[in-house]
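The values are calculated or read from the model by the stated rules, or taken from the named source; none is laboratory data. Since we're looking at a predicted model, the values are computed, not measured. Here the Cβ positions follow ideal geometry from the backbone for every residue, glycine too, while neighbour counts run over all protein chains shown. For accessibility, only protein heavy atoms count, side chains too; no ligands or nucleic acids. Shrake-Rupley method; radii C 1.70, N 1.55, O 1.52, S 1.80 Å.
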Amino acid sequence: MVARLVMKLRVAELRRDAGDVLAIRLEHPRRPQLPAWTAGAHVDVHVPGLGVRHYSLWGDPDDRSHYLIAVRREEDGRGGSAWLHAALAPDALLTVAAPRNHFELPEAPRRTLLVAGGIGVTPLLAMARRLAHQTAQQNADFAFHYCARSRAAAPLLDEVAAVCGSRLVTWFPEEGRRFDASAVLAAEPAEADVLVCGPPRLAEAVEAAVAARGWPAECFHTERFAALDPGDFVPEPFEAVIASTGAVLAVPAERSLVSVLAEAGIELPTSCESGVCGSCECGYLQGEVVHRDVVLDARRQKTRLMPCVSRGRGRIVLDL
């Protein structure tokens, strides 16, 4: 397993934006270019004394001179956003891991709907940049639906408008416009790829509307940065077979697969250990997997799992 590059990046610019959001421009203090990334990617930011936080990149993937992230201050959060808002200053150094992407744009050049809720605008703005470029060259088109409590609470709205132009549709209740996922999808003449980032309620409403229209589940894509609610889920013991060696590992109900693998000498990178960051992703070849992450979509769940939270039923064969 190859570890991701971790860098010390300089805070080149800070800007306060709508919705109590801090926009941050990061540059490498010595190198002119940062690692490449694709629209939908995020970086892991190490907040001193508080651990790792994940922030989507909203700039232009073709411009590798800097990264742009946006941090909304969370009053009831775990302290990371509050620290960044209060302590960060120009020229400060932040420890940042190279980007990774679990929220890729579909490759097929067809109609795409981007649905953003508040700070969820960040990865979708990078996607809009890419789609605007593709639309000029291919038989593709897109619309950007932006939902927020009010215009004053919509971060990066000017940037979205500049990229999307007439493709931007805003939904601000204070202006008498509430987003209705069913009505928006009903106006689409054919299947479209629908990408959503925002509050769980918004993503759930859009997912339900996609299903109600009879579109394939593969049309719906989302990204979440909160762990799955455990609800009444009860873990059960299972066995994991290592395909390359034939070794059989017993995974007790009270332990994670990733910890059992580490004990057996198979170290996978970990970060959140709650199925949110995607650090420990690996493949599987056979068996029934109980997916407990919020990273993998339906297509990737057929061959990939997150061993920090995912479990098997009976026996699974890992592509390790």
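So how far apart, in nm, are the two label points at Glu239 and Ala298 if each is 7 Å from Cα heading toward Cβ?
3.2
Which Cys in the chain stand alone, with every other cysteine's Cβ at 4.7 Å or more from theirs?
Those would be Cys147, Cys164, Cys197, Cys219, Cys280, Cys282, Cys308, since no other cysteine Cβ in the chain comes under 4.7 Å of theirs.
Mind grabbing the base-10 log of I(q)/I(0) for the range 210-320 at q = 0.09, 0.13, 0.16, 0.24 Å⁻¹? Debye formula, identical points on the C-alpha positions, no solvent, two decimal places.
Relative scattering, expressed as log10 I(q)/I(0), comes to -0.24, -0.49, -0.72, -1.44.
Could you give me the ³J(HN,Hα) list for the range 249-265, computed from phi with Karplus coefficients 6.51, -1.76, 1.60 and θ = phi - 60°, whole Hz, x at Gly and Pro?
Whole-Hz 3J(HN,Hα) from phi for the range 249-265: 10, 8, 10, x, 4, 8, 10, 8, 4, 5, 6, 5, 4, 4, 5, 8, x.
For the chain, with only Lys/Arg (+1) and Asp/Glu (-1) charged at the beta-carbon, what is the dipole magnitude about the Cα centre, in debye rounded to 20?
About 520 debye.
Determine the calculated [θ] at 222 nm for the chain from helices alone, applying -39500 (n - 2.57) to every DSSP H run no shorter than 4 residues and normalising by the residue count; nearest 500 deg cm²/dmol.
-5000 deg cm²/dmol
So, taking all protein chains as they sit and a 1.4 Å probe, how much accessible area belongs to Thr122, in Å² rounded to tens?
Near enough 10 Å² of accessible area.
Round to a whole angstrom and tell me the spacing of the C-alpha centers of the range 173-216 and the range 270-317.
Cα centres, the range 173-216 to the range 270-317: 27 Å.
Over all alpha-carbon pairs of the range 157-274, lay out the pair-distance distribution in 10 Å bins, whole %, shortest bin first.
10, 26, 24, 19, 15, 6, 0
When only alpha-carbon atoms are used, what values of Rg and Dmax, in angstrom, describe the range 185-233?
Cα radius of gyration and Dmax of the range 185-233 are 12.2, 40 Å respectively.
Mind checking the range 1-107 for GluC sites (Glu not before Pro) that DSSP puts in a loop (not H, G, I, E or B) and that have at most 10 other Cβ atoms within 10 Å?
In loop regions of the range 1-107 (DSSP not H, G, I, E or B), the sparsely surrounded GluC sites (Glu not before Pro) are Glu75, Glu107.
Provide Rg over Rh for the chain; use the alpha carbon set for both Rg and the Kirkwood Rh (inverse mean inverse pair distance).
0.98
Calculate, for Ala212 and Asp62, the FRET efficiency according to 1/(1 + (r/R0)^6) with r their C-beta to C-beta distance and R0 30 Å; round to the nearest 0.05.
0.20
Per residue, how much accessible area does the chain have with a 1.4 Å probe, in Å²?
In whole numbers, the chain has 47 Å² accessible per residue.
Given the C-alpha atoms of the range 1-150, compute the convex hull and give its volume per residue in Å³.
129
Heavy-atom accessible area of Ser182 with all protein chains present, probe 1.4 Å, nearest 10 Å²?
The accessible area comes out at roughly 70 Å².
In the chain, carbon and sulfur make up what percent of the accessible area (probe 1.4 Å)?
In the chain, the share of accessible area belonging to carbon and sulfur is 49 percent.
So what is the relative contact order for the chain, in percent, with contacts set as C-alpha pairs under 8 Å and at least six apart?
Relative contact order for the chain comes out at 14 percent.
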